[in-house]
1. Taking region A:27-62, which residues are farther than 19 Å from A:LEU83 by Cβ and modelled with pLDDT of 95 or more?
2. So which of A:SER24, A:SER51, A:SER109, A:SER74 ends up being within 12 Å of chain B (Cβ to nearest Cβ), touching a Lys or Arg at 6+ places or on another chain (Cβ under 9 Å) and buried (at least 17 other Cβ atoms within 10 Å of the Cβ)?
3. Quickly run through region B:24-35 and pick out the residues that are more than 10 Å from chain A (Cβ to nearest Cβ), in contact (Cβ under 8 Å) with a residue 60 or more places away in the chain and small (Gly, Ala, Ser).
4. Let me confirm something: among B:THR62, B:THR96, B:THR107, which residue is under 26 Å from B:GLY40 (Cβ atoms) and of a type in the set (Ser, Thr, Tyr)?
5. Among the residues of region A:77-95, write down those that are surrounded by 14 or more Cβ atoms within 10 Å (Cβ to Cβ) and among the hydrophobic types (A, V, I, L, M, F, W, C).
6. For region B:36-56, name all the residues that are without any contact (Cβ under 8 Å) to a residue 12 or more places away in the chain, surrounded by 12 or more Cβ atoms within 10 Å (Cβ to Cβ) and either part of a strand (DSSP E or B) or within 12 Å of chain A (Cβ to nearest Cβ) (or both).
Amino acid sequence: KAGVTQTPRYLIKTRGQQVTLSCSPISGHRSVSWYQQTPGQGLQFLFEYFSETQRNKGNFPGRFSGRQFSNSRSEMNVSTLELGDSALYLCASSPTNWRANVLTFGAGSRLTVL
Amino acid sequence: TQLLEQSPQFLSIQEGENLTVYCNSSSVFSSLQWYRQEPGEGPVLLVTVVTGGEVKKLKRLTFQFGDARKDSSLHITAAQPGDTGLYLCAGERRETSGSRLTFGEGTQLTVNP
């Protein structure tokens, strides 16, 4: 079956702009999590959605937001971009939200902020 | 403060050598997972260890969960160039709202032919 699909794979934005990233989970998976990966901080948890509800949120400012649709697809948005937002944004899906040990990651969206 | 400390951060060895990567924390985890990430790809789950003291083997890779479920190690025997990648450990904690993973910063392994 198809894996986790993230779009776009690469994008370049300038400071102050906003960006929307998309994630299509594995068919039948209802939980979607988002992570930010940078060389200095590793993978940092952004938020997790299950059945269209945000269940967990990491320590990121309100400029970072997300949502999940009824078909389990998820989007995350970053407004008023800063240079420090340059990172690889990873989406992961799992069948439920109480078994993180079956996470499957997408290839990520690499965001560069100039 | 990083909840999970991985060491070493970088490791460059010759083909055929053995190596061990460590993942340490002061927190107790429900389970601990190891992932490998290659350039341009997302992390791929290698193994999950759940029970304190548990040892799992995956071909030349041996994973161990500490007795107190606070630390783990990954040992690779006779490393090959194909083992090159970023190795990440992740601790799972069960919360009322669901399960949550905390990742270490990773160990970048390079195996030279």
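The values are calculated or read from the model by the stated rules, or taken from the named source; none is laboratory data. Not measured: the values here are computed from a predicted model. Neighbour counts are summed over all protein chains in view; Cβ atoms, including those assigned to glycine, are modelled from backbone coordinates with ideal geometry.
1. Selection gives A:TRP34, A:TYR35.
2. Only one candidate passes the filter, namely A:SER109.
3. Those that are more than 10 Å from chain A (Cβ to nearest Cβ), in contact (Cβ under 8 Å) with a residue 60 or more places away in the chain and small (Gly, Ala, Ser): B:SER25, B:SER27.
4. Only one candidate qualifies: B:THR107.
5. A:VAL78, A:LEU81, A:ALA87, A:LEU88, A:LEU90, A:CYS91, A:ALA92
6. Answer for region B:36-56, where residues must be without any contact (Cβ under 8 Å) to a residue 12 or more places away in the chain, surrounded by 12 or more Cβ atoms within 10 Å (Cβ to Cβ) and either part of a strand (DSSP E or B) or within 12 Å of chain A (Cβ to nearest Cβ) (or both): B:GLU41, B:GLY42, B:VAL44, B:VAL55, B:LYS56.
A quick yes/no check of all residues on (1) modelled with pLDDT of 95 or more; (2) farther than 28 Å from A:LEU46 by Cβ; (3) within 14 Å of chain A (Cβ to nearest Cβ):
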{"site": "B:HIS75", "(1), (2), (3)": "yes, yes, no"}
{"site": "B:ALA79", "(1), (2), (3)": "yes, yes, no"}
{"site": "B:LEU86", "(1), (2), (3)": "yes, no, yes"}
{"site": "B:GLU92", "(1), (2), (3)": "no, no, yes"}
{"site": "B:GLU95", "(1), (2), (3)": "no, no, yes"}
{"site": "B:PHE103", "(1), (2), (3)": "no, no, yes"}
{"site": "B:THR107", "(1), (2), (3)": "yes, no, yes"}
{"site": "B:VAL111", "(1), (2), (3)": "yes, yes, no"}
